[in-house]
Amino acid sequence: MKIKIIVTLKSGVLDPQGKAIQQTLTGMGFNDVKEVRQGKYFDIETNESDEAKAKKNVDEMCKKLLANLVIEDYKIL
Amino acid sequence: MRSSVIIFPGSNCDRDMDVALKKYGFKNHMIWHNDITLPKCDLVVLPGGFSYGDYLRCGSIAGKSKIIQSVIDFAKSGGLVLGICNGFQILTETGLLPGVLQQNKYLNFICRNVHVKVNDKKNKYFKDISKDILELHIAHNEGNYFCSEEELKVIEDNNQIALTYCNSDGSNNKDSNPNGALKNIAGIFNKEKNVLGMMPHPERMIDKYLSGQDGSVFFENLIRNSK
């Protein structure tokens, strides 16, 4: 089973890369861009066949390693 | 006084630290990250570098390496743990220190000398130090210290801010902040002040013919206080 995770910076946390991307997009003529926030995406393939159990494990993985909860939020898709 | 420097794959200031510690009288051992136990020692140093290629987040993988549980146990028992640069990042990832080191505000790798002010002397690292302002070297891409407002209040209430970036006269302002760090923070302690993380590299400032000598002031003081 594959589980997808998205890790993003919490709102209010400075994202200099997102800001640089936003400025570049604006410079390229995409004038509608208001804000860009950059994040991370993980694809985890697990041997666990029980979806609930697998997601519970992944949740623990996010808390312990994949996200730094001081500045990041995660979403298991 | 005995010290241990932990080597992670990608550490690159470990040998400089070894030279510095020995120069000021520590009997130092180099410890590989795959070891499980620490030798008996008074000080553990997590050196600078790019442990595990800075994968995922700086210090995050090293923060889960085999040796780390021993380092955490050593810190919890009151042992001195010093993290420099990447070592500081690792300490925040283990939870021994609060907050996180984010990418520098202007997305640049900064490699230059800075001045830092010693903020608290009620600890073994800076007790009786002869200078209040040190000129030290920084070299990092992720040194932008950040924590939540609630955490900052706790840090300030406990005098956990160890070092702040300042001008040569000791004044802290935006101009003396190289990386956007919250409150110009360059180094912090844990609550008990036996764990110190700092972005500047004192081990690079121990020879007047190479760079400067304010690192010597730091190490001379540290070994005196460790006795």
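Scanning region A:1-54 for residues that are open to solvent by less than 100 Å² (accessible area, probe 1.4 Å), closer than 25 Å to residue A:76 by Cβ and of a type in the set (S, T, N, Q) turns up A:8, A:17, A:38, A:46.
Annotation note: Cβ proximity below 6 Å between a residue of region B:150-161 that is within 14 Å of chain A (Cβ to nearest Cβ) and a residue that is assigned to a helix (DSSP H, G or I) and surrounded by fewer than 19 Cβ atoms within 10 Å (Cβ to Cβ) (sequence gap 6+ or interchain) occurs for no pair.
Would a scan of region B:198-211 turn up a residue that is surrounded by fewer than 18 Cβ atoms within 10 Å (Cβ to Cβ) and closer than 22 Å to residue B:80 by Cα?
Step one: filter region B:198-211 for residues surrounded by fewer than 18 Cβ atoms within 10 Å (Cβ to Cβ), giving B:207-211.
Now restrict to residues that are closer than 22 Å to residue B:80 by Cα: none.
No, region B:198-211 has no match at all.
Condition test on residue A:6, is it in contact with a helix residue (DSSP H, G or I) (Cβ under 7 Å, 6 or more places away or on another chain), modelled with pLDDT of 95 or more and either farther than 26 Å from residue B:182 by Cβ or of a type in the set (A, V, I, L, M) (or both)? So residue A:6 fails the test. Checking each residue in region B:177-193 for being touching a Phe, Trp or Tyr at 6+ places or on another chain (Cβ under 9 Å) and either among the β-branched types (Val, Ile, Thr) or open to solvent by 10 Å² or more (accessible area, probe 1.4 Å) (or both) picks out B:177, B:178, B:180, B:182, B:183, B:184, B:185, B:188, B:193. Among the residues making up region B:96-141, those that are modelled with pLDDT of 95 or more and among the small types (Gly, Ala, Ser) are B:99, B:139. The residue that is most open to solvent (accessible area, probe 1.4 Å), among those in region B:74-95 that are touching a residue at least 60 places away in the same chain (Cβ under 8 Å) and among the small types (Gly, Ala, Ser), is B:78.
Looking only at region B:183-227, count every residue that is within 17 Å of residue B:120 (Cβ to Cβ) and in contact (Cβ under 8 Å) with a residue 40 or more places away in the chain and tell me the total.
Within region B:183-227, the subset within 17 Å of residue B:120 (Cβ to Cβ) is B:183-200, B:202, B:217-218, B:221-222, B:225.
Add one more test, that the residue is in contact (Cβ under 8 Å) with a residue 40 or more places away in the chain, and what stays is B:185-190, B:192-200, B:202, B:217-218, B:221-222, B:225.
The total comes to 21.
Mind checking whether some residue in region B:17-33 is touching a Ser or Thr at 6+ places or on another chain (Cβ under 8 Å), touching a residue at least 12 places away in the same chain (Cβ under 8 Å), buried (at least 16 other Cβ atoms within 10 Å of the Cβ) and aromatic (Phe, Trp, Tyr)? So far as region B:17-33 goes, yes, one or more of its residues are touching a Ser or Thr at 6+ places or on another chain (Cβ under 8 Å), touching a residue at least 12 places away in the same chain (Cβ under 8 Å), buried (at least 16 other Cβ atoms within 10 Å of the Cβ) and aromatic (Phe, Trp, Tyr). Scanning region B:96-115 for residues that are open to solvent by less than 60 Å² (accessible area, probe 1.4 Å) and either facing chain A (nearest Cβ under 10 Å) or under 29 Å from residue A:72 (Cα atoms) (or both) yields B:96, B:97, B:98, B:99, B:100, B:101, B:102, B:103, B:104, B:110.
Restricting attention to region B:116-148, the residues that are surrounded by fewer than 21 Cβ atoms within 10 Å (Cβ to Cβ), in contact with a helix residue (DSSP H, G or I) (Cβ under 9 Å, 6 or more places away or on another chain) and closer than 28 Å to residue A:12 by Cα total 3.
The residues of region B:46-92 that are basic (Lys, Arg) and more than 14 Å from every other protein chain (Cβ to nearest Cβ), listed by number, are B:66, B:76. Looking across region B:65-75, the residues that are under 19 Å from residue B:190 (Cβ atoms) and of a type outside the set (Phe, Trp, Tyr) come down to B:67, B:68, B:69, B:70, B:71, B:72, B:73, B:75.
The values are calculated or read from the model by the stated rules, or taken from the named source; none is laboratory data. Predicted model only: the values in this text are computed from it and were never measured. Ideal geometry is used to build each Cβ from the backbone, glycine not excepted, and the neighbour counts take in all protein chains shown. Keep in mind that these areas ignore ligands, DNA and RNA; they rest on the heavy atoms of the full protein, side chains included. Shrake-Rupley method; radii C 1.70, N 1.55, O 1.52, S 1.80 Å.
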